[in-house]
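Colleague: Before I ask anything, let me first share the structure, which is written out below as structure tokens.
What follows draws every value from the coordinates through simple rules; no lab data is involved. For clarity, every value in this text was computed on a predicted model and none was experimentally measured. Positions of Cβ are backbone-derived with ideal geometry, glycine not excepted, and every protein chain shown enters the neighbour counts.
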Amino acid sequence: MSDLPGQRSAGTASSKAEERAERRLLSFYDLLFLGAGGVVGSGWLLGAVEADAGAGSWAVFSWLIGGALLVVIAAVMVQVSTTAPKTGGLVFLPLQSSGPLVATVVAAGVWVFYAVNPASEAAAMTRGLATWQHSGGLVKSDGDGLAARGIALSLLFVMLLAAVNLLGPRLFLVINNALTAFKIVVPLLIVALLVYAELHPPGHPPHFGPAHPSPGVHHPHHYDLGSVISTVTSSGVIYAYLGYQGPLDFAGGVRRRGIGEAARLRRAVYGTVVGSVFLYVALQFVVIYIRHRSGGAVDAGSSPYTQFVSAVAPHWAAAPLVWLIHVDTILSPAGAGMVYTYVLTREIAAFSRAHLTHRGLQKTSFSTITLGHGRLRRLFGEDRLDVYWLILIVDFVISGVALLCFGGKWSVLGDIDTVLALVVYATPSVVLASLQRRDPRLFPRRRSRVLATTAFVSSAVIFYLAGWDVLWPGMAALTAGCLLLFALPLAAPASRWYDAKAHAVQLRHLRTSPAARSAALLYGYFAFATVASSANRFLWPAHPLVKLVSAVPLAVLAVVVFRQMVTLSVRYMDDHAPTLPTPAPPDGAVASPPPHQPAVTVRSG
């Protein structure tokens, strides 16, 4: 069977662009700081307060449940990415296993997910600046969303985050590594101060001021398991964990010398996830400490951590620590937004090289900046910067639209990211299970299939339990992204930059095309779960435990959908054999080609 566009080998120019993307420059510390830099953003500054409002002291279990879910999902993604290491793998691997339509749905989710994150981080930066400088006119009087000046400042912040990415990969990594180290040290100092406060209680009862609950947040009279589960998705818990996948987005650019690329990826991803679980649980205990000693909800009008430091730190350390926290309220969100902006350019470049969106997005004239002889070349250490500046412009537009549409509300923007991340994170499970069924030698351990099923169903259940108010903005954003990516090739069929029309028209053949049916199942399940969640909101609003019971049928349906998607993916691969990158062994080991394919089989799609 002849290959469709995007399923064939790329031309010479595209191959050269791909080779540049696969330059193996990333060390373990580069990977670790990419992961930690994406995770440690506005989530640690605002997430614990939101979780406390949703579940009180039980919020600790929300962080543990969310962390356990992310560990399972990360295990699936690590297995797939180390077996087939590829930069832009979130889009590339579903394309190989399930076809271009599933890849397009995933790409829509990745694109909006990664582009909205800088908007949410910029909104957090604006809120942090308003708290620090007591600047009027940035935040609305009720504290829910940003005023016009605040939105304008957030747009400026998004522009600056994009501008940092124009510095080029090497300088960007240096800046990110230093910034991430600072971002990690500050919350660790707060945790250390909690231990100090418990071992050396203040001589007088600490005073935290009056309690002002977060605007728009409902505080239950009592907390239970239902509140704990709801808080996982609706109070910024999952959002705070997002970003650990940064190293996997660059799986094709990892150094192979020494311990090897697979070991570096595993250590960076698992280190990021496990470390973030420890950090967020510890910070939740700080918020619990504040609430128990303030006699009510934590004050949402200012940073709870500055209140904590001022109340319990030694006199000589209080002022410097408060200053560091104020600085970090700007730098932590900025660093996370930088990472997402940087990673997104590589994912969309891979999508463009696969001929599934506008090919001009990764064309040399629209993606590189040439440096002439002189100081700039000496500063950057190379003669050209692969910065994908046209993609940065498109991403800035998406971020700006998100800020304007949702009034700069951090909670809503974070919910959109959470919903889209759960959809995107579910797809590697299908990739792993379908590749394992087609050729068990790729994933010889039986537990791989069990792990993939668990990750998919867990993501689906947590998605449903988020509730209608959280789900509909995210699914609306995913729908808009899918409509654009499928409609634009049809709207410009004669354009030499769009050759994805052959894929888009496959949607008309749902009965006969495995690729179309897989895409319909993926999108359809999460759309159905969103509609089903509205029953808990409008038809029979009841005790949160009722939501848990109603999730059982959705979990059973998730198992059915998952197995059907795996079957369809295997059928697709029977007609279009996947061509996967060959992982390299560590130094001293002998490389052997994977089964059913030659030793070097990397292609554009």
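Colleague: Under a point-charge model restricted to the Cβ atoms of Lys and Arg (+1) and Asp and Glu (-1), what is the dipole moment magnitude of segment 16-575 relative to its Cα centre, in debye to the nearest 20?
Modeller: With Lys and Arg at +1 and Asp and Glu at -1, about 1820 debye.
Colleague: Same structure, new question: Could you calculate the contour length gain from V327 to R149, that is, 0.36 nm times the residue separation minus the distance between their Cα atoms, to one decimal place in nm?
Modeller: 62.0 nm
Colleague: On a straight-distance basis, which lysines could pair with K86 in a cross-link, Cα separation under 23 angstrom, same-chain partners fewer than 8 positions away excluded?
Modeller: Excluding near neighbours in sequence, the set is K16, K363.
Colleague: Which values of log₁₀ I(q)/I(0), to two decimal places, follow from the Debye formula for segment 91-200 at q = 0.10, 0.21 Å⁻¹ with a uniform point scatterer at every Cα?
Modeller: -0.52, -1.11
Colleague: Could you bin all the Cα-Cα distances of segment 328-454 into 5 Å bins starting at 0 and give me the percent of pairs in each, rounded to whole numbers?
Modeller: 2, 9, 11, 14, 15, 14, 13, 11, 8, 3, 1, 0
Colleague: In whole Å, what three semi-axes, largest first, describe the equivalent ellipsoid of segment 16-575 built from its Cα gyration tensor (square root of 5 times each eigenvalue)?
Modeller: Equivalent-ellipsoid dimensions as semi-axes: 37, 29, 22 Å.
Colleague: Mind pulling the per residue volume of the convex hull built on the Cα atoms of segment 21-130? Å³ is fine.
Modeller: 149 Å³
Colleague: Which of V72, V450, V232 has the fewest other C-beta atoms within 10 Å, and how do the rest follow up to the most?
Modeller: Lowest count first: V450, V72, V232.
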